[in-house]
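Shown next, in structure tokens, is the structure this report addresses.
None of the figures in this text is laboratory data; all of them are computed from the coordinates on show. Computed from a prediction, not measured in an experiment: that's the story for all the values here. For neighbour counting, all protein chains shown are included, and Cβ atoms are generated from backbone atoms with ideal geometry for every residue, glycine included.
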Amino acid sequence: MEAVTVFGGGRPCLSSSSIRSSQPERTCSLSCSHKPIIRTQYRHLAAFSSNSHLFSNISSRKTLTKPHIFLPHLVASLENVEESYIMIKPDGVQRGLVGEIISRFEKKGFKLIGLKLFQCPKELAEEHYKDLSAKPFFPTLIDYITSGPVVCMAWEGVGVVASARKLIGSTNPLQAEPGTIRGDLAVQTGRNVVHGSDSPENGKREIALWFNEGEVIQWTSTLAPWLRE
Ligand code: IDP
Ligand code: MG
């Protein structure tokens, strides 16, 4: 995440310099060939007034001529901000768990940067789960993931990958701790309602696989100063 200069706030804006393509080399060999994602970055009003302690080098508003860095973003840029691909599987959609699952990530404090309802083609499911292609359950897994619409999400935050895995719980819902999504909402591995990336590298890979150009949005949350000091 890059530091964003937001002193004085401003209307959401989009400029060529605010568009970036930050995807890794594509590993997808699908004929549907997803294009590299161009992320759209919006800037929003700062959560704090200009004389807040969160702004640096402000001695007097009258003498201020240059914009200053909003410290939470500067701090975040120095930390390891990750992205995780989270997907509500067809059983989660059919059972009306979409709001419940999204809510858990929102309440935790991560930032939603991509969201869509999507009917997954077989080729994409196979690419996503290619590491499991030798498993005996692979064909039924592909049937399951393509059996109805899924909700694709990209979430951003420091430590989001490991934290999301904790929120989701063990692969087998009967072994998942109460309080986790799978522990609370599912009973069988083959119907475990949600997917979460297992590493920051796979987070980037999977977001690039499931989202197209313009579908991942970089935006500034006004809650940021209330979530991280
Ligand atoms: P994860 O989703 O917790 O990361 P993985 O081992 O990566 O678990 O498996 C991917 C998905 O494959 C699981 O979430 C589950 O839907 C399915 N799966 C894994 N093991 C089995 C199994 O033994 N039987 C049926 N489906 C399985
Ligand atoms: Mg996995």
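If you take every residue apart from V150 with its C-beta less than 15 Å away from the C-beta of V150, what net charge results, scoring Lys and Arg +1 and Asp and Glu -1? List each step's numbers first, then the result.
Details: positive: K89, R95, K116, K122, R191; negative: D91, E123, E126, E127, D143, E206, E215.
Counting the neighbours of V150, the net charge comes to -2.
If you project the alpha carbons of segment 71-229 onto the principal axes, what extent comes out on each, in Å, largest first?
Here the Cα extents, ordered largest to smallest, are 50, 36, 26 Å.
Going by how many other Cβ atoms sit within 10 Å of their own, how do K89, K166, K107 line up, fewest first?
Going from sparsest to densest Cβ surroundings: K107, K166, K89.
Please work out the Cα center distance from segment 101-136 to segment 164-229, rounded to the nearest Å.
The two parts, judged by their Cα centres, are 8 Å apart.
Please report the net charge: other residues with Cβ closer than 11 Å to the Cβ of S221, K and R +1, D and E -1.
Charge balance near S221 sits at 0.
Using the charge dipole of segment 81-141 (Lys, Arg: +1 at Cβ; Asp, Glu: -1 at Cβ; taken about the Cα centre), state which of I86, I102, L132 has its Cα farthest towards the positive end.
Value: I102.
Assign unit charges at the C-beta atoms only (+1 for Lys and Arg, -1 for Asp and Glu), then state the dipole size of segment 99-218 relative to its Cα centre in Debye, rounded to the nearest 20.
Dipole magnitude for segment 99-218 comes out near 300 debye.
Would you list which aspartates and glutamates come within 14 Å of K166, measuring only between C-alpha atoms, while excluding same-chain residues fewer than 8 positions from it?
Cross-link targets: E177, D184, D198.
Treating cross-link reach as a plain straight distance, find the aspartates and glutamates whose alpha-carbon is under 16 Å from the alpha-carbon of K108, omitting any fewer than eight places away in the same chain.
K108 reaches E82, E83, E100, E156, E229.
Give, as ranges by residue number, the residues of segment 86-100 whose backbone N falls under 19 Å from the point 7 Å along Cα→Cβ of S147.
Residues 87-98 fall inside that zone.
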